[in-house]
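Q: Pasting a structure below so you can have a look.
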Amino acid sequence: MPENELVEGLGLDEYQYGFVDEETHVFRTRPGLDEDIVREISEHKDEPEWMLEFRLKALKIYESKPMPTWGGDLSHLEATLDEIYFYVKPQEQMERSWDDVPDTIKNTFERLGIPEAEQKLLSGVGAQYESEMVYHSLKEEWSSKGVIFDSIEDGLKNHPDLFREHFATIIPAADNKFAALNSAVWSGGSFLYIPKGVQLDTPLQAYFRVNQERMGQFERTLIILDEGAQAHYIEGCTAPVYSTDSFHSGVIEIVLKKDSRFRYTTIQNWSNNMYNLVTQRAVVNENATMEWLDGNLGSKLTMKYPSCYLVGEGAHGEIMSIAYASDGQHQDTGGKVVHVAPNTTSSITSKSISKGTGRSSYRGLCKVYEGAYNARSNVECDALLINSTSRTDTYPYIEIEGKRATIGHEATVSKIGDTQLFYLMSRGLTKEEAMSLIVRGFIEPIAKQLPLEYAVELNRLIELEMEGSVG
Amino acid sequence: MSNPAQAVEASSAEEEPSAEEDTPSSLDGGAVERLSEGAPSWLSERRQHAWSVFEDTPLPSTRSEEWRYTDVSRLLKFADLRVAPDGASGEEGTRPAGLTAAMDEDEAAAGHTVVVDGSVVHVDLDPALEQQGVILTSLRAAVHEHGDLLEEWLGTEILPPEDGKFQALNAALWSDGVLLYVPPNVKLDLPIRTTRWISHSGSAVFTRTLIVAEPGSQVSYVEELLSEDFDQRTLASSAVEIIARDGAQVQYVCIQRLGRGVFCQSAQRTLAHRDSKLDTLNVSLGASVTRLDLNARLLGPGAHSELLGLYFGDEDQHFDHCTSQDHIAPDTGSDLLYKGALDDRAQSAFRGMIRVHRGAQRTDAYQTNRNLLLSDDCRANSLPNLEIEADDVKCSHGATVGQLDSEALFYLLSRGLSRHQAERLVVLGFLGEVMARLPLGGVVKKVTRAIERKLKNG
């Protein structure tokens, strides 16, 4: 059997979330983007004046910035953006109980396994459908301890001071073209605050679903961990398969105060017609630890580089990244670590698999500023190529000031070795079993970190499918 | 093809106060006209074309990836530069002391060339080799004597002016250079040595080197770039094109010990055909700004290239080494090792690229850049890139930035060495690894001495 088919046997290519619901929106803006549309979005959200001004200013920045010429192919994006809906309101208000969520939407999330996981394994759940959060809940145990887990809109309404203190301070509108776009039209996303010393023992999950064809989703998430707090947040995303392109551009801002610890897990499984251009950044204070676990399996093109700014002494940042690029997909992912304070440490581990005409690129930055004495960072990238038409790239940037830093970067590229296959087959495994075992072994250092018990679809995609093909 | 505007420019340059032969002239179309006088039409056309490419190409900006770490607009003003007066007009007996001293340190050679201010002033070659058909000559002479060879290779698709603003300027304004041709199956036991000297502050010197090694031949070429320190920004621009035909073995070494004030820009291209071995070593110790663009192409199965480099910077020195390894044919190999030490406020950038083209199966390609930082104010940037479009490959790269190995230091201190001595030894050992990979007569000794001299100053 050709290797191509063997890898297909692993099931990574079967997209199970491509189903379409009938359209149920109560309102949507006309396609395209201009100042009127930004005003319309703001009006629907009944926002304070400063937010409207922020949005309008961001729109100007977005319009003035050129389209990036690096990374993936964005040459068709401009035309796509003229045709997509920037705001689609699926229902009148957000619900606290699944029973109040309209049936079509509820069924969708049931098919994705969310309510079931919520009962068993999660501290809280947020679910976004099109442009708005349709459901948000947090277990009583945590809300009584002062944890706030809400839609971003309710965060702005109910906690205006905390919101304004941090909003757009970590990722300003002018950060990049797509952060500016998100700042102008953002809608949905989570607002999370964990008070001093509170440690959540099960994760929070936010789930993003796009149903509408030619849709733009622009969620905005703001997360604040107070001193000594701990939590784990999981984000998942899927969409139906359409012949036209859709667009997703989120902005995630995270503040980690002294001694706190946070893990942000993404399981990105958008359909293959989705542009996914996301800005994610955490500011990490004294002795705090930030971990990004970034799994990119879907989308047409993803450009995403989660970053840690280590601004407090002893801060630690960690980025673990798995990318899988199949036919026609380009995963341009990686991470950034910026060492500003002394005795800060970081590591980036990236594993990618390219198959068919898929292309995975690692793009990363390790920057050490003068004065970040004894900064230590290690970057490791491994790429696995399945076919002669697959492509992989590595673009690391290492920028170091001053002699007291220790920085290492390593990357390897390989294909499944004949000797590896031969050895396993001589032990009685079939070629399929041997292939799948090798692929599993390749991603295992990161895969074992995944919260397999509750990340329902990744569980299915990576673990179960592969087990199935071995067993 | 003389156009009136250029004729006016050229004549106005001649009207400057001192109308002597060696009046420095600015870098303009007039300079291209003067260089084209009496040249065959293919050459003047290439110069003209290169000049128009130069004029149409914007100044490299730090907004572009290739020039991210070197701000040309701040470091070099083309308008302030003057074409260097013809070095060939000086008498042979009056060679600068620095040049003579460097040549005295050289070990045995199969031939020599000396280039002063962009003009070849001396050539000698073992007569036995000459008889076997080896050609070592100035490009100026070669234009007339070996025109067909130059027309076939010089400034063609190996290193076209379209490669960049500096490459275009060099292709338009090169004044002289060296041609080395080695016929099939001729093997040179000793290297060819070239010494290049610049004597005028504020001048711009453009030279080219063309090495063609025919099938089964073997040759090493070692060149050294030297000058005094200059008050005014001085440009040393060179273009090196090396072709190793099937089964040929070529080693190219460049030791750059130019004085402060110099902006040293060089573009090197190596073409390795079937079963050939084409290695380069670039040692960057001098100049204020060093910019190297090295592209190694592996064109035939069995071809292999080593790309070696070392740099050691102090004070405000700035190094920018840009390399690429293009694997175009299957079953080729390349291995890059660039190591650098930085002291004071010195800065370095290394940007390397391994490209495995579609169909270049069974490529083995490696790339390592290691940096040793010796002060709090120095800076190292490293961008080791990979672009792989074939699946049956072995590729890896690594980059490190670190400090002096404290265990090694401690050991040496415990043996009674002073801290300064111990540090020097560790730096020498760190950089020495590179030279050990290409042991060529006298190079290791010469470079070691140059590094030691630099360490002493510190």
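Q: With N residues in region B:156-294, what two-decimal value do you get for its Cα radius of gyration over 2.2 N^0.38 Å?
A: Ratio of Rg to 2.2 N^0.38 Å for region B:156-294: 1.06.
Q: Looking only at other chains, what is the average number of their beta-carbon atoms within 10 angstrom of each beta-carbon in B:399-412?
A: Partner Cβ neighbours, averaged per residue: 3.
Q: Right, another one. When a/c reaches 1.5 or more, the comparison of a/b and b/c decides; with that in mind, is region A:123-251 rounded, prolate or oblate per its Cα gyration tensor?
A: Oblate, since a/c reaches 1.5 and b/c is not below a/b.
Q: If you take every residue apart from A:TYR423 with its C-beta less than 14 Å away from the C-beta of A:TYR423, what net charge results, scoring Lys and Arg +1 and Asp and Glu -1?
A: That sum, taken over residues with Cβ under 14 Å, equals 0.
Q: Oh, and also: How much mean residue ellipticity at 222 nm does the protein assembly as shown get from its helices, if each DSSP H run of length 4 or more adds -39500 (n - 2.57) and you divide by all residues, to the nearest 500 deg cm²/dmol?
A: -7000 deg cm²/dmol
Q: Follow-up question, since we're still on this one. Quick one: grab Rg to one decimal and Dmax as a whole number for region A:329-383, Cα atoms only, in Å.
A: 14.1, 46
Q: Find the relative contact order for chain A and round it to a whole percent, using C-alpha pairs within less than 8 Å whose residues are 6+ positions apart.
A: It comes to 11 percent, rounded to a whole number.
Q: Quick one: net charge around B:ALA39, please, counting Lys, Arg +1 and Asp, Glu -1 for every other residue with C-beta under 15 Å from its C-beta.
A: -2
Q: Take the Cα gyration tensor of region B:314-406, multiply each eigenvalue by 5, square-root it, and list the three semi-axes largest first, rounded to whole angstrom.
A: Largest first, region B:314-406 gives 31, 12, 8 Å.
Q: A further question follows. Are there GluC sites (Glu not before Pro) in region B:366-458 that DSSP puts in a loop and that have at most 14 other Cβ atoms within 10 Å, and which ones?
A: Taking region B:366-458 and a limit of 14 other Cβ atoms within 10 Å, no loop GluC sites (Glu not before Pro) are found.
Q: Can I ask one more? Mind checking the mean number of beta-carbon atoms from other chains within 10 Å of the Cβ atoms in A:382-392?
A: Other-chain Cβ atoms within 10 Å of each residue's Cβ, averaged: 4.
Q: What number, in percent, do you get for the relative contact order of chain B if the mean sequence gap of Cα pairs under 8 Å and at least 6 apart is divided by its residue count?
A: 9
Q: May I pose another question? Mean 1/r over all different Cα pairs, inverted: what Kirkwood radius does the protein assembly as shown give, in Å?
A: Here the Kirkwood hydrodynamic radius works out to 30.5 Å.
Q: In whole Å, what are the Cα extents of region A:8-167 along the three principal axes, biggest one first?
A: 51, 48, 32
Q: While we're on this one: Sort largest first and round to whole Å: the equivalent ellipsoid semi-axes of region A:18-416, each the square root of five times a Cα gyration tensor eigenvalue.
A: 31, 26, 21
Q: Report, ordered by chain and residue number, the lysines lying within cross-link reach of A:LYS45, taken as a straight Cα distance under 18 Å and ignoring same-chain residues fewer than 8 apart.
A: A:LYS45 reaches A:LYS57, A:LYS89, A:LYS157.
Q: Shifting gears a bit: Any idea how many Lys pairs in chain B come in under 22 angstrom at the alpha carbon, given 8 or more places apart or on separate chains?
A: 12
Q: Still on this structure, I have one more. What shape does region B:25-409 take by its C-alpha gyration tensor, where a ≥ b ≥ c are the square roots of the eigenvalues and a/c under 1.5 counts as rounded, a/b above b/c as prolate, and the rest as oblate?
A: Rounded shape, in that the Cα axes give a/c under 1.5.
Q: Continuing with this model, one more query. I want the antiparallel fraction of DSSP beta bridges within the protein assembly as shown, as a percent rounded to 5.
A: Around 15 percent of the beta bridges assigned by DSSP in the protein assembly as shown are antiparallel ones.
Q: A follow-up question, please. Under 12 Å from the Cβ of A:GLY216, count the other residues' Cβ atoms, weight Lys and Arg +1, Asp and Glu -1, and hand me the total.
A: Summing Lys/Arg as +1 and Asp/Glu as -1 gives -4.
Q: Across peptide A:366-373, how many C-beta atoms of other chains are within 10 Å of each residue C-beta, on average?
A: If you average over the peptide's residues, the count of other-chain Cβ atoms is 2.
Q: Take every DSSP beta bridge with both residues inside chain A and express the antiparallel ones as a percent of the total, to the nearest 5.
A: Bridges in chain A are about 10 percent antiparallel.
Q: Still on this structure, please answer the following. Would you please name the GluC sites (Glu not before Pro) within region B:85-155 that are DSSP coil residues with at most 10 other C-beta atoms within 10 Å of their C-beta?
A: Taking region B:85-155 and a limit of 10 other Cβ atoms within 10 Å, the loop GluC sites (Glu not before Pro) found are B:GLU91.
Q: Out of region B:351-433, which trypsin sites (Lys or Arg not before Pro) are coil in DSSP terms and have no more than 16 other C-beta atoms within 10 Å?
A: Passing both the DSSP loop test and the Cβ count: B:ARG358, B:ARG362, B:ARG415.
Read-outs throughout are calculated quantities, based only on the coordinates presented, and are distinct from any laboratory measurement. In this text, all values refer to a predicted model and were calculated from it rather than measured experimentally. Cβ sites come from the backbone with ideal geometry, for glycine too, and all protein chains shown count toward neighbours.
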